[in-house]
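What follows is one structure encoded as structure tokens, with my remarks underneath.
The values are calculated or read from the model by the stated rules, or taken from the named source; none is laboratory data. Predicted model only: the values in this text are computed from it and were never measured. Cβ placement follows ideal geometry from the backbone for every residue including glycine, while neighbour counts extend to all protein chains displayed.
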Amino acid sequence: MELLLFGIAKDIVGKSIIDLSNSDTLPQSVAELKKLLAIEYPDFSKLTSLAIAVNSEYAADDVALKKDDEIAIIPPVSGG
Amino acid sequence: MKEPIIEIVDILNVDGVYKELSHPQSGGICVFVGTVREFTNNEEVVSLEFETYKAMAVKEMRKIADQAVEKWQLNKVVIRHAVGAKEIEEPVVVIGASSAHRDACFVACRFMIDTLKETVPIWKKEIFKNKTVWVSAHP
């Protein structure tokens, strides 16, 4: 499982991809992933908002995560 | 309604957009161009840097165009956003619609740019003389 990072999320983590494939327990849902990120990277909690996209669609907390999903961390957007 | 034109590009050329929106059944064409402003909160901006999650951004832009077409009678729609480094005055986004009468294209353009700013995964970094800031990241 890989997490794609963009914008300030990339700066907070210090790289553009987090590779979870070697970790013992993979997050099973968007909510679990958010919890994991909050513990690992406290700076995420300072952001205005934090969304998760699964297979390039915004995903609610109860969405289940599968090993081969494309998962992205979406910090506050600021296009335009 | 023709297929909407949805694109993320490195260099945004706005000159041709009028032709893309031209349509025999349209009596009005409305175009909004977003450009790089020199000052943010009285601080001088040197340049902007845009990045995107392209696969998702294109999908979200398409959703916005589809919603606009559902709400208003539009003949053509363009949503095009630039990424990469942008200098002062450079265009970064162009939104356009054409319709039989002006009301529909005016209100559709407003809806599309406002929604783009809320949902499309594009991030803007402001580069000042002595710092850089990801816009809207912090409250």
**Report entry** Qualifying positions in the range B:42-63 - crowded, with 17+ Cβ neighbours inside 10 Å and of a type in the set (A, V, I, L, M)
**Finding:** B:Val45, B:Leu48, B:Met56, B:Ala57, B:Val58, B:Met61
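Given the condition part of a strand (DSSP E or B) and more than 12 Å from every other protein chain (Cβ to nearest Cβ), answer yes or no: does some residue in the range A:22-30 qualify?
Start the filter on the range A:22-30 by keeping residues that are part of a strand (DSSP E or B), which leaves A:29.
Subset that is more than 12 Å from every other protein chain (Cβ to nearest Cβ): A:29.
The answer is yes, given that some residue of the range A:22-30 is part of a strand (DSSP E or B) and more than 12 Å from every other protein chain (Cβ to nearest Cβ).
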Report summary line: From the option list B:Ile122, B:Ile79, single residue qualifying as crowded, with 19+ Cβ neighbours inside 10 Å, at the interface with chain A (Cβ under 8 Å from one of its Cβ atoms) and touching a strand residue (DSSP E or B) at 6+ places or on another chain (Cβ under 6 Å) is B:Ile122
Query - Qualifying residue in the range B:82-93 (condition: away from chain A (no Cβ under 11 Å), over 21 Å from A:Phe6 (Cα atoms) and either in a helix (DSSP H, G or I) or in contact (Cβ under 8 Å) with a residue 60 or more places away in the chain (or both)) - result: yes
Report task. Return the residue satisfying two criteria in turn: it lies in the range B:1-39 and is over 17 Å from B:His81 (Cβ atoms) and among the aliphatic types (A, V, I, L, M), and of such residues it is surrounded by the most Cβ atoms within 10 Å (Cβ to Cβ). Result -> B:Ile29
Query raised in the report: Taking interchain pairs and intrachain pairs at least six residues apart, which have beta carbon atoms under 6 angstrom, with the first residue in the range A:57-76 and within 13 Å of chain B (Cβ to nearest Cβ) and the second surrounded by fewer than 16 Cβ atoms within 10 Å (Cβ to Cβ) and part of a strand (DSSP E or B)?
Result: none
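Only one of B:Ile64, B:Ile29 is within 22 Å of A:Pro76 (Cα to Cα) and in contact with a helix residue (DSSP H, G or I) (Cβ under 7 Å, 6 or more places away or on another chain). Can you tell me which?
Details: B:Ile29 fails: within 22 Å of A:Pro76 (Cα to Cα).
Selected residue: B:Ile64, the only one of B:Ile64, B:Ile29 that is within 22 Å of A:Pro76 (Cα to Cα) and in contact with a helix residue (DSSP H, G or I) (Cβ under 7 Å, 6 or more places away or on another chain).
For (1) at pLDDT 95 or above; (2) surrounded by fewer than 21 Cβ atoms within 10 Å (Cβ to Cβ), each residue gets a yes or a no:
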position	(1), (2)
B:Gly96	yes, no
B:Ala100	yes, yes
B:Lys117	yes, yes
B:Asn130	no, yes
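Can you name the residue in the range A:7-21 that is away from chain B (no Cβ under 14 Å), touching a residue at least 12 places away in the same chain (Cβ under 8 Å) and part of a loop (DSSP other than H, G, I, E, B) and is also surrounded by the fewest Cβ atoms within 10 Å (Cβ to Cβ) among such residues?
At the first step, the residues of the range A:7-21 found to be away from chain B (no Cβ under 14 Å) are A:14-15, A:18-21.
So of that shortlist, the ones also touching a residue at least 12 places away in the same chain (Cβ under 8 Å) come out as A:18-21.
From what is left, the residues that are part of a loop (DSSP other than H, G, I, E, B) are A:20-21.
Details: A:Leu20: 18, A:Ser21: 8.
Going through the qualifying residues, I end up with A:Ser21.
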Report summary line: Considering residues that are more than 14 Å from the chain's Cα centre (by Cα), within 25 Å of B:Asp103 (Cβ to Cβ) and assigned to a strand (DSSP E or B), the number found within the range B:29-70 is 1
Report task. Can you tell me which residue among A:Ala59, A:Ala51, A:Ala9, A:Ala64 is modelled with pLDDT of 95 or more, farther than 30 Å from B:Glu7 by Cα and of a type outside the set (D, E, K, R)? Result -> A:Ala64
Query raised in the report: Name the pairs whose Cβ atoms lie under 7 Å apart, with the first residue in the range B:26-39 and free of Cβ contacts under 8 Å to residues at least 24 places away in the same chain, the second among the β-branched types (Val, Ile, Thr) and surrounded by 12 or more Cβ atoms within 10 Å (Cβ to Cβ), and 6 or more positions between them or separate chains?
Result: B:Phe39/B:Val45
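Has the range B:98-105 got any residue that is more than 30 Å from A:Ser45 (Cβ to Cβ) and among the aliphatic types (A, V, I, L, M)? Break it down stepwise before answering.
The first filter runs over the range B:98-105 and keeps only residues more than 30 Å from A:Ser45 (Cβ to Cβ), leaving B:98-105.
Adding the requirement that they be among the aliphatic types (A, V, I, L, M) leaves B:100, B:104.
Yes.
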Query raised in the report: Among the candidates A:Leu4, A:Leu47, which residue alone is touching a residue at least 60 places away in the same chain (Cβ under 8 Å) and closer than 28 Å to B:Ala85 by Cα?
Result: A:Leu4
